[in-house]
1. Please go through the stretch 88-98 and pick out each residue that is more than 15 Å from the chain's Cα centre (by Cα), open to solvent by less than 50 Å² (accessible area, probe 1.4 Å) and either closer than 21 Å to Thr156 by Cα or free of Cβ contacts under 8 Å to residues at least 40 places away in the same chain (or both).
2. Might you check whether a residue that is modelled with pLDDT of 95 or more, small (Gly, Ala, Ser) and in contact with a Leu (Cβ under 7 Å, 6 or more places away or on another chain) occurs anywhere in the stretch 54-71?
3. Just to check your reading of the model, which residue among Ile43, Ile124 is among the hydrophobic types (A, V, I, L, M, F, W, C) and modelled with pLDDT under 95?
4. Can you tell which of Phe116, Phe142 is in contact (Cβ under 8 Å) with a residue 40 or more places away in the chain and either open to solvent by 20 Å² or more (accessible area, probe 1.4 Å) or within 14 Å of the chain's Cα centre (by Cα) (or both)?
5. For Tyr132, indicate whether it is in a loop (DSSP other than H, G, I, E, B), free of Cβ contacts under 8 Å to residues at least 60 places away in the same chain and not basic (Lys, Arg).
6. Going by what's in this entry, would Pro83 be described as in a loop (DSSP other than H, G, I, E, B), modelled with pLDDT under 95 and within 17 Å of the chain's Cα centre (by Cα)?
7. Output the number of residues of the stretch 119-129 satisfying the condition of being under 24 Å from Thr168 (Cα atoms) and without any contact (Cβ under 8 Å) to a residue 60 or more places away in the chain.
8. Take the residues of the stretch 99-110 that are touching a residue at least 40 places away in the same chain (Cβ under 8 Å), in contact with a Leu (Cβ under 9 Å, 6 or more places away or on another chain) and in a helix (DSSP H, G or I): which is surrounded by the most Cβ atoms within 10 Å (Cβ to Cβ)?
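The values are calculated or read from the model by the stated rules, or taken from the named source; none is laboratory data. None of the values given here were measured: they were computed from a predicted structure. Cβ sites come from the backbone with ideal geometry, for glycine too, and all protein chains shown count toward neighbours. Note: accessible area is taken over every heavy atom of the protein model, side chains too, but ligands, DNA and RNA are not part of it. Shrake-Rupley method; radii C 1.70, N 1.55, O 1.52, S 1.80 Å.
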Amino acid sequence: MKYFLFIGFLAFTLMITGCGTVNSSSKPARESNENGQAQKLAISSASSSLKKPNLEETVVIANPESVTALVNKKHQLPESYQPSDLVYADVPFIFSEKIEKRMLRKPAAQALEELFQDAGKAGISLLGVSGYRSHERQKKLFVFYAKRDGEEKASTYSAYPGTSEHETGLAIDVTGGNGICAAADCFADTPEARWLSKNAYQYGFIIRYPAGEEQVTGYKYEPWHLRYVGKKAAASIFNQYVTLENYASKKKDQSKVL
């Protein structure tokens, strides 16, 4: 535990002293440390004051169990949704506690275990940072960031509850084996990030928020955020469509033709 506390402190120190290019896509109080200050924050009054997404622009998705379900600022999960097949992913994390953010849906967990094993064989050491998040947990996190940075800025790097991929149980943030750049911009310059960008699709994962696609995804580049979509869809997105939004749009157009 002392090791992980040291790593967390070191990561924060590096972020504020020039590790990588720290900007609004890096959350100063990282979700990798979400068991600390954010959990202790009183949120009841702040939560009620959040500006909800424009209902005219936001669609509640009808297929939240689909591994290719599009969840973003305009496609929202049902508020009561909870994945039915959550399991603990058998991979190392930056923390030792057996808590919900170790969990993923079963197919994603199995694929992640294979990815971590093969990465290790290639000399790439990885750690999990944050997997599944309940709707309530996401609400607490977003309220914390909104109170600290303002809701507009918070929405550039954190998702409004119901629109977070972490709530699907199909998304996980990862980092290198030293834990230094956990969910921080400096991770982009690591061998681990480069390996993931080239190989994650082979295991059914995509880099969900790629560089240069902020206008499409709604978020800045997050090389640490993996989303499980299955091997077939991941290969298509990697080779043709760049983002899940592009892929979903193409599939929708094809269904109209059929």
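1. Within the stretch 88-98, Val91 is the sole residue that qualifies.
2. Checking the stretch 54-71: not a single residue is modelled with pLDDT of 95 or more, small (Gly, Ala, Ser) and in contact with a Leu (Cβ under 7 Å, 6 or more places away or on another chain).
3. Within the list Ile43, Ile124, the selection yields Ile43.
4. Phe142
5. Yes.
6. In short, no.
7. Qualifying residue count, the stretch 119-129: 2.
8. Going through the qualifying residues, I end up with Ala108.
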